[in-house]
Amino acid sequence: MRQTRRDFIRTIGSLTIGFCLTGEAFSWRDPSQQLPGDLRRNPHINAWLELLADGRVRVLTGKIELGQGIRTAVAQMAAEELDLDMNQVEVLLAETGRTPDEGYTAGSNSIEASAIAVRYAAAAARQRLLQLAAQKWTVPVTQLTFSKGRITDTKKRVSITLDQLLNGQQLVDEVRMPVTLKAKEKYRFVGKAIQRDDVKRIVSGKPVYVHDLKFPGMLHARIVHPPRYGARLERLDDQPLKNALPQTKTIVNGSFLAVVAPTEYEAISAERILAADVKWSDDNLLPKLEPGQLAAYIRTLPAHPEKVTEKGDRSTMPTGTTIKASYFKPYIMHGAMGPSCAVAIYANGKLDIWSHTQGVYPLRETIARLLHLEEENIHVKGVPGPGCYGHNGADDVAADAALIAMSIPGKHIRVQWSRLDEHGWEPYGSAMVMDLEAAITAAGNITHWKYSFWSDTHGARPGGNPANLLPAHYIEHPLTEKPSGFSGGASRNAEPYYDIPNRQILANFFDGPLRTSSLRSLGAYANLFAIESFMDELAAAAKMDPFEFRLQHLSDDRSKTILRELKKQLPDSPAKSATHASGIGIAFSRYKNNGAWCAVAAHVSVDKTTGAVRIHKMWATVDAGEVINADGIKNQIEGGMIQSASWTLFEQVKFDEHQITSRHWFTYPVMRINQSPEVEVIVIDRPEEPPLGAGEAAQGPAAAAIVNAIHNACGIRVRSLPIGNIDFSSASNPRKS
């Protein structure tokens, strides 16, 4: 059963009331005294900072580096508040028992939750260190300066290092508001484009990822997966494997099947040999669908309806004059450049795991339940993995490694999935169907809006439930629990950010044929693709410019600013060609309707003969509040636009009744470097505003900008993804009823 959680926050006078429909306790707090970010769960300074003997500071963050640059951002925050140089700050990423429990690295929350916590912890540490020095010298704090790991008495001209002051101890004080932050006009690092220190190591092939870990005597393992979900092991003959590779070991636990070998090459060979001598059950077939039937099939599935939002009076929706359109997004995969990998060792009753999981503490809790171990006997260290925003196979392969390590105590077990494993078994982003209906006045004002969507879960991370781990369904005593998921992720950005007096948002949650979970931006990608495409359709119906139509429905000045700034970047019209039709399209969103603002434009051309689509350039303006690292924000938006362009043009998971058929890059094509558009990003810095995460701000508007550009180029409205080549015989217009 899926759990749809909704938290509500209301402010009455000076009190903030928070309550939750899942039965959790609520609290009343003066918002001015509320600790920011994840300091609320971990309020002590030493949860976030360690002062080292050489004068440097180690920052502890419960977040993992996914390529979003969180390691650099939190170092900037700490260096700024403690007046250190960047080389005086090191960052320890997520690790159980060492860093704070910050749940998952997800939802563009790393800056808002973790980096902000580090900022306030560092500022509180600075205050406390100055107080301790003032007490030691019996002087007022105002007489002291703090710089580069030393506190100086400006009158007595004496100084002391932080280590000398603390005598090897750590600051264990609780952070209490108010905390005095460094004046923004004195910033040296925050707001600057500080380059990440890991990029050079990555591009030069230095050890960075979990895949690069090596331990003495380490063994290599591969999983022999069944052909499809739910298939059971019926017969196994491992004698051919023993004859060919006598040093290998076969692990059989119910229908969980693995091979272990001294080298990776032998493990790969052993997997192939064993797979040829295994018989799986022939049940649990997938639905047999013809191309293009998935959207219709989804509508036939039993669905749990839920009202997401209803405002105004829906009953006044005019009849016979509304504009309608339906949109579709297929299953898409993370497509991590490096297949999932983990290392584990079980020795002396303790289990150690190295994983590129996005949540070390939730993974520890889940594996403890899977293996019936105490959590304190499991240690999980987060190590970066290549190329994933969301829930791919990282947690599953960590569970694989743990299961095998329990069978071979005292040895480091390295498990790496193959490309076939990764593409065939990772949790995908759910397919979605979206229906829109709206009414507009003669002046082009939207008076009524109805949005209905169909979606599977967008959040089935482990979270303490072993049934969300793939191997839990194949071991000898499989769990009786059902996989759980957070359906609410499907409704992300389902409500338009525009001023529309009468609106209704309806969700229909289904259990689909494929395994799904969190993929970058969750439901926002499909929702914004539909909403922003439909906004262009409505603008056309109202005979209005797409920019002006959107501005007419926005009262938020920051929204208007990024749209106007985007318009300034665009050429008056794309160059004309006899062989290609060209167009520019736009789209806008505020991520989650409470996060970063992002407006995107795309310039595309369509071959008039073949229908091939080429994206030449994409522009974006983004407002993520106070800029911590300008280079980091640009990287996120640039990468987000290109990833979204790949989803939109090419990507879909295909399957037949027997298996997933998109098992490699030939059957699951992604955008190649020579197909990538030029990108240009304008970042609006608002130092007076709180910083916001930008990692998932661009995906939705980028998709809509592309399809809107195609319509402006050749008059064909794309409502079903991926685009592929344009079929000029399929031109359509919004249906009117």
Difference of contour (0.36 nm per residue) and Cα-Cα distance, Glu310 to Thr579: 92.1 nm
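So how strong a dipole does the chain carry about its Cα centre when Lys and Arg Cβ are +1 and Asp and Glu Cβ are -1, to the nearest 20 debye?
1040
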In the neighborhood of Leu692, defined by Cβ-to-Cβ distances under 9 Å, what is the net charge if each Lys or Arg adds +1 and each Asp or Glu adds -1? -4
Note, Asp607: beta-carbon cut-off 13 Å, +1 each Lys/Arg, -1 each Asp/Glu, net +1
For Gln135 and Leu554 in one chain, what is 0.36 nm times their gap in residues minus the Cα-Cα distance, to one decimal in nm? 145.4 nm
Determine which lysines satisfy two conditions relative to Lys381: a Cα distance under 22 Å, and not lying fewer than 8 residues away in the same chain. Lys63, Lys206, Lys214, Lys350, Lys411
If you count the DSSP beta bridges with both ends in the chain, what percent of them are antiparallel, to the nearest 5? 75
What longest range of the chain stays clear of loop-exposed GluC sites (Glu not before Pro) (DSSP non-H/G/I/E/B, at most 13 other C-beta within 10 angstrom)? 25-373
The lysines whose Cα lies under 23 Å from the Cα of Lys136, excluding any fewer than 8 residues away in the same chain, are Lys148, Lys155, Lys156
Keeping all protein chains in position, work out how much accessible area Phe728 exposes to a 1.4 Å probe, and write it in Å² to the nearest 10. 90
Region 537-580 to region 132-199: how many Å between their Cα centroids? 49
The distance between the Cα centres of region 56-101 and region 263-284, in whole Å, is 42
Considering only region 264-416, what is the antiparallel percent among its DSSP beta bridges, to the nearest 5? 65
For region 343-352, 3J(HN,Hα) per residue [Karplus equation, 6.51 cos²θ - 1.76 cosθ + 1.60, θ = phi - 60°, Hz, x = Gly/Pro]: 10, 9, 9, 10, 8, 6, x, 10, 10, 10
Taking the simple approach of a point 7 Å from Cα along Cα-to-Cβ for both Asn348 and Gln33, what is their distance in nm? 4.6
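What's the local net charge at Asn493, with K and R +1, D and E -1, over the other residues with C-beta under 11 Å away?
0
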Could you check the simple spin-label distance between Gln195 and Thr561, using points 7 Å along Cα→Cβ, in nm with one decimal? 3.0
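For n ≥ 4 DSSP H runs only, could you compute -39500 (n - 2.57) per run for the chain, divide by its residues and tell me the 222 nm figure to the nearest 500?
-7500 deg cm²/dmol
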At 0.36 nm per residue, minus the direct Cα-Cα distance, what do Glu376 and Ser729 gain on full extension? Give it in nm, one decimal, please. 120.8 nm
Under Karplus coefficients 6.51, -1.76 and 1.60, residue-wise ³J(HN,Hα) of region 143-151 in Hz, glycine/proline x: 8, 10, 10, 10, 7, 6, x, 10, 10
Where in region 134-176 does the label zone of Arg128 land, with the point 7 angstrom along Cα→C-beta and an amide N cut-off under 11 Å? 170-176
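Relative contact order, percent, of the chain when contacts are C-alpha pairs under 8 Å separated by at least 6 residues? Walk me through the numbers before you get to the answer.
Numbers: 1681 pairs, mean separation 102.7, N = 737.
Rounded, it is 14 percent for the chain.
Which FRET efficiency value, to the nearest 0.05, do you get for Phe666 and Thr263 by plugging their Cβ-Cβ distance into 1/(1 + (r/R0)^6) with R0 = 30 Å?
Result of the calculation: an efficiency of 0.60.
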Among the lysines, select those whose C-alpha is under 18 Å from the C-alpha of Lys450, and discard any that sit fewer than 8 residues away in the same chain. Lys307, Lys311, Lys324, Lys736
From the coordinates shown, Rg and Dmax of the Cα atoms in Å corresponds to which of [x] 27.6, 92; [y] 24.0, 73; [z] 27.2, 85: [z]
Once both label points are put 7 Å beyond Cα along the C-beta direction, the Asn243-Ser676 separation in nm becomes 4.9
Taking R0 as 45 Å, what FRET efficiency do you get between Glu90 and Lys543 from their Cβ-Cβ distance, rounded to the nearest 0.05? 0.15
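The values are calculated or read from the model by the stated rules, or taken from the named source; none is laboratory data. If you're wondering where the values come from, they're calculated on a predicted model, not measured in any experiment. Cβ sites come from the backbone with ideal geometry, for glycine too, and all protein chains shown count toward neighbours. Only protein heavy atoms, including side chains, enter the accessible area calculation; ligands, DNA and RNA are left aside. Shrake-Rupley method; radii C 1.70, N 1.55, O 1.52, S 1.80 Å.
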